[in-house]
Amino acid sequence: MINLVKIVILFMCLIASGLYSCKGPEKKESTEEKIEAGTPVTVTTMGTDALTEYIDLNATATFLQKNYVKANVNGYIQTVNATPGKFVAGGQTLFIIKTKEAQSLDNTVNKLDPSFKFSGVNNIKASATGFITQLNHQVGDYVQDGEQLAVISNQNSFAFILNLPYELKQYLDKNSSVDMVLPDGSKLKGQVTESMPSVDAATQTLNVVIKVPEAEKLPENLIAKVRIIKTNKASAPSLPKTAILTNDVQSEFWVMQILDSVTAVKVPIKKGIETYDRVEILEPVFTANDKILITGNYGLPDTAKVRIVLN
């Protein structure tokens, strides 16, 4: 009987020991899961930066003034000193025309009276300095008085024409000098000289003339990117763009702020100036000690458990 009691007691001890050993690891695993709970995030603090808000618009290179070279007599072209793209100086002889009468008489008049020295040849000269952008006739062509022979694009009239939306006209006063970037990456400083007295009826854009240095090296119809400054601040509280969250229609904006070591809450904000990587925060006023999420913040609810990791 005593042996039976001992056997029962030993059996019960084994059962209790087995139950304890099964519950022990389960409790430890639950603790580990609790420690690992929370979205991993990185944080930043409020910065104070010089911010400039601008808009990029396109401007097209053109010659504002074109000079038309025309024949001054009826006759035949004997000489052409012009080719498309050639640079010519004002006063340079471009065409030599022999009148049709001289062509018909040839040297008959000179044979009758050598002292008369009749040639019937007229020199047509360039009226401005620039490039030959159009050539209408060649040697041997018959032309009439007043007929167009060539077109010279006046070098001094070279400029970029900026199509500025009229609602941005208010920013011209603070953009008398603008930064320009050409397609090859080179940069220029342009001077806004004047704006045209009319706007395009369809697009409501205003043509603004921008003069640039070293214009002789640039071709017509070249498109440059012009940076128009809208506003700037020397010192503004700002956060990285990755910290800013918004809804689908971008009507509301907020950030996720660390409330304690493991909790992040949604804080609505009012934005100011935006650059390519920073956003000015007008409201609320954050302190230098406030921690704002910059990664892991997307999709978090109003109050979320987080785990801060090193950047």
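The values are calculated or read from the model by the stated rules, or taken from the named source; none is laboratory data. As the structure is a prediction and not an experimental result, all values here were calculated from the model. Heads up, the Cβs are rebuilt from the backbone with ideal geometry, glycines too, and the neighbour counts pull from every protein chain shown.
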Using the structure shown, decide if Asp113 is at pLDDT below 90, farther than 30 Å from Arg227 by Cα and surrounded by fewer than 16 Cβ atoms within 10 Å (Cβ to Cβ).
-> yes
For Lys230, state whether it is within 22 Å of Leu172 (Cα to Cα), of a type in the set (Lys, Arg) and in contact with a strand residue (DSSP E or B) (Cβ under 8 Å, 6 or more places away or on another chain).
-> yes
What single numbered condition from (1) in contact with a Lys or Arg (Cβ under 9 Å, 6 or more places away or on another chain); (2) assigned to a loop (DSSP other than H, G, I, E, B) fails to hold for Gln78?
-> (2)
Select from segment 156-199 the residues that are outside any strand (DSSP E or B) and among the basic types (Lys, Arg) and write down the one among them that is modelled with the highest pLDDT.
-> Lys169
Taking the stated definitions as given, is Thr205 in contact (Cβ under 8 Å) with a residue 24 or more places away in the chain, surrounded by 11 or more Cβ atoms within 10 Å (Cβ to Cβ) and outside the structural domain of Thr133 (by TED's automatic domain parsing)?
-> yes
Evaluate the following for Glu214: is it loosely packed, with under 14 Cβ neighbours inside 10 Å, in the same structural domain as Ile161 (by TED's automatic domain parsing) and of a type outside the set (A, V, I, L, M)?
-> yes
Leading residue by the ranking (modelled with the highest pLDDT) among those in segment 50-76 that are buried (at least 17 other Cβ atoms within 10 Å of the Cβ), out of contact with any Phe, Trp or Tyr (no Cβ under 6 Å at 6 or more places or on another chain) and more than 30 Å from Leu94 (Cβ to Cβ) | Leu57
Could you check Thr79 against (1) modelled with pLDDT of 90 or more; (2) under 41 Å from the mean Cα position of the chain (by Cα) and say which number it fails?
-> (2)
